[in-house]
Amino acid sequence: MTLAQPRSEPGKPAAGNRERPFLSVEDLAVRFPTDDGLVHAVEGVSLSVARGKTLAIVGESGSGKSVTAQAIMGLIDRKAASVSGEVWLDDEELVAMPDDAVRRLRGLKMAMIFQDPMSSLHPFYRVGAQLTEAALVHQSLSKSDARSLAIEMLRRVGIPGPERRVDDYPHQLSGGMRQRVMIAMALINSPALLIADEPTTALDVTVQAQIIELIATLQAASDTAVILITHDLGIVADVADDVVVMYGGRLVEAAPTQRLYYHPEMPYTLGLLTSVPRMDRERADRLDPIPGNPPSAINLPAGCVFFPRCTYSDRVPDGACASRNPDLIATEPGHLVRCHLPSEERRQIANNVLGSLVGGPG
Amino acid sequence: MVLLLLLLTVAVFFLFNLLPFDPARLTCGKVCTPELLEANRHRLGLDLPVLQQYLNFVTGIFTGRTLGADTASPIVCSAPCLGYSFLRHADVTSLIARALPVTFWLAIGGFIVWMTIGLVGGVVAALRRGKWQDRTLLTIALIGYSMPSFFLGLILIFFVILTWHLLDFPSASAVQAGPFANPGKFIGTMLLPWIVIAVLNAAFYVRLTRNQVLETLNEDYVRTARAKGLPERTVVVKHALRAGLTPIVTAAGLDIAGLMGGAIITESLFSLPGMGVLAVGSVVQSDLPVITGITLVAGFFIISMNLIVDLLYGVLDPRVRVS
């Protein structure tokens, strides 16, 4: 679906002239019509990332974070879903752009790393061949140049013996190596935007930190904007500059990382922070799970999407949580919260909850 | 594989020995005296114990044999000897050697036509899933699949040859001469048989390819290929189709092996002297040596194609390769 409204309103400067962050997503919505009803996978998501910065999108399964990423990349099948809103990448709008024009940006200006490197690599092609595909399609490059580029990329992502590994098949590599190959593949054209969709979820714990560190190193080297999708708040604290929290296809809180960790305000964020297992507590108390299950994306609650699981909704007068979806409002500059609770009350709750954790959050 | 073929000879040989036919009686003619019958039986080696007959048969394949060596008119059947047909007065090996090339060219040509149609049609249908192109292709495939080949063959003969005079009547000699003697005449003869063979099989391969591609299009690595910004055609052919090729190759290998045993209806329709026609003729006349020979040759093709398909797995899928 393309937008019917004009891109810029009368009286305002033309869209391209406005000062925009490198990547700017405005009011993005992705809806899948199904036999059971319309799936609201993503509703009204706005976010932005500057070059060289890392934005983390945090949320549990089904919160719409992966769909958001795929919508930015133009990987949502337009025949199966409607995508609306705006995605501005370096002053080019991608949602209304023809498919083939977006394809030319994919792998060149923006690239993506996926969750499971085993299933995301083609089992029948050699690592080198898969690596160079994006380079060969976007640049004019000879086969032998492409091969040396592939070896160079494998060396950069820290694969030992790249001259031999370039001829290996994916099944001959370990999980961590496969993810390094995925990273090399995504970065081969030095994209300005890198989206990493749970890049460490399928990996051993010992390898996870290496992969995250690798992404950060490569990012610093070429001033890449990174979107890191994860449900692992530990990773976020280490590398992200900003964090947005998604729930039920909506943004529920957005803040700089430090701010979000020490002064979370949305009860869902609070729940995420306290559900990280803590070794400094008694075994029975190590986990504080959020009660209940995520909402169905077909029948979203009428009011706040988090209301059915929220333990503080009784503090809001008139039952507003059940009837009206709260707006995403700035509580501080740069800190947006979607919650009906008054700001002071939220801070009070957060202080109580975080204060009860020995040694504070994180 | 050798063991399988050996088992096949045992099965075929003893099965036919159980049949209530007396080959000697069949060769004896109208005026048959008990003496003549006994003489024929001796010439055919049928007076020997069954096990000895079998051993003679198997060794004959490798070393050749002489039937009725102690009679006035011995018949020399040189290796590889698959037996001797007294009905046709020819050894089975040379009968098959004449029929096999005809069937071979019929199968190979048909194979090329049906695989081309099947793969292209299947990919197009998968890409346009649910659209009119997909529905049209599936409908045509259904019609092709349910069209009896004798009916399609007759229609083609009636219109293309009899009504429109686009092609000459099939020439058996042109086929037996092979494609290189007179390419024009060869193709002119084989075109309609190829189409008849291809239509039935292409229908199946359109569906198979479509389903394979639709399945692999949902794989993560296809999403990766799209994320690289590859053109859609590269994504579908190089990534999706390539990944779904294994079952298609399996089916194709077995189908072509099956065809080597003879395409009875197509060969009969177009008077092509291939394995199918030979088999039918032999069955009608209870010409057991020829039936045995054809069964063995057909079995040989099916077993070898199975082996080739297994080897192809290793080529197609690096994970299968033994390192």
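Read the figures in this text as sums done on the coordinates, not as results from a lab. In this text the structure is predicted, and so the values were computed from the model without any measurement. Every residue, glycine as well, gets a Cβ built from its backbone with ideal geometry; the counts of neighbours run over all protein chains shown.
For the protein assembly as shown, the antiparallel share of DSSP beta bridges with both residues in that region comes to about 65%. Counting lysine pairs in chain A whose alpha carbons fall under 27 angstrom apart, excluding pairs fewer than 8 residues apart on the same chain, gives 6. In this simple spin-label model, placing a label point 7 Å from the Cα along the Cα-to-Cβ direction at both B:Leu311 and A:Glu19 gives a separation of 7.1 nm. Note on A:Gln139/B:Arg242: beta-carbon distance plugged into 1/(1 + (r/R0)^6) with R0 of 25 Å gives a FRET efficiency of 0.60. Remark: mean inter-chain Cβ contacts per residue of A:114-121 equal 3, using a 10 Å Cβ-Cβ cutoff to other protein chain atoms.
Taking 16 Å as the straight-line reach from the Cα of B:Lys238, the aspartates and glutamates in range (excluding those fewer than 8 positions away in the same chain) are A:Glu133, B:Glu215, B:Glu219, B:Asp220, B:Asp317. Scanning chain B for DSSP H helices at least 18 Å long along the axis (C-alpha atoms) with a Kyte-Doolittle mean no lower than 0.0 picks out B:2-18, B:50-63, B:92-127, B:132-146, B:183-216, B:245-260, B:288-316. Looking at the range A:22-103, the trypsin sites (Lys or Arg not before Pro) that sit in a DSSP loop and have at most 16 other Cβ atoms within 10 Å of their own Cβ are A:Arg51, A:Arg78, A:Lys79. Sorted largest first, the spans of the alpha carbon positions of the range A:18-114 along the three principal axes are 41, 30, 28 Å.
Each residue of the range A:86-102 is assigned a 3J(HN,Hα), and the resulting list reads 10, 10, 9, 10, 6, 6, 10, 8, 9, 5, 8, 6, x, 3, 5, 5, 5 Hz, derived from the Karplus form 6.51 cos²θ - 1.76 cosθ + 1.60 (θ = phi - 60°), x at Gly and Pro. Semi-axis lengths, largest first, of the ellipsoid equivalent to the range A:126-257 are 29, 17, 12 Å, with √(5λ) applied to each eigenvalue of the Cα gyration tensor. Spin-label model, B:Tyr145 to A:Ala330: label points 7 Å out along the Cα-to-beta-carbon direction sit 6.2 nm apart. Between the exposed loop cleavage positions of chain A, defined as GluC sites (Glu not before Pro) in a non-H, G, I, E, B DSSP state with at most 10 neighbouring beta-carbon atoms within 10 angstrom, the longest gap is A:20-281. Pairwise Cα distances in chain A exceed 26 Å in 54 percent of cases. Using θ = phi - 60° in the Karplus curve 6.51 cos²θ - 1.76 cosθ + 1.60, the 3J(HN,Hα) couplings for the range A:78-85 round to 5, 6, 9, 8, 9, 10, 10, x Hz; x is entered for Gly and Pro. Karplus-derived 3J(HN,Hα) values for the range A:122-133, using 6.51 cos²θ - 1.76 cosθ + 1.60 with θ = phi - 60°, are 6, x, 9, 10, 5, 3, x, 5, 6, 4, 7, 3 Hz; glycine and proline are entered as x. Computed over the protein assembly as shown, the percent of Cα pairs more than 35 Å apart is 60.
Semi-axes of the equivalent ellipsoid of the range B:240-318: what are they in whole Å, largest first, if each equals the square root of 5 times a C-alpha gyration tensor eigenvalue?
Working from the Cα gyration tensor, I get semi-axes of 32, 14, 6 Å.
The C-alpha atoms of chain A define a longest principal axis, and helix A:143-156 lies at about 50 degrees to it. Between B:Ser286 and A:Ser296, the simple spin-label model (points 7 angstrom out along Cα→Cβ) gives 7.2 nm. Rg and Dmax, both from the Cα atoms of the range B:2-81 and both in Å, are 13.7, 44. Per-residue ellipticity at 222 nm, computed for the protein assembly as shown from helices alone with -39500 (n - 2.57) per DSSP H run of at least four residues, works out to -15000 deg cm²/dmol. Projected onto planes of every orientation and averaged, the convex hull of the alpha-carbon atoms in chain B covers 22.5 nm².
Is the shape of the range B:155-245 rounded, prolate or oblate, going by the alpha carbon gyration tensor and its root eigenvalues a ≥ b ≥ c, with a/c under 1.5 for rounded and a/b larger than b/c for prolate? Prolate, since a/c reaches 1.5 and a/b exceeds b/c.
Restricting everything to alpha-carbon atoms, can you work out Rg to Rh for the range B:136-184 with a Kirkwood hydrodynamic radius? Can you show the working numbers first?
Numbers: Rg = 14.7 Å, Rh = 13.0 Å.
Ratio value, two decimals: 1.13.
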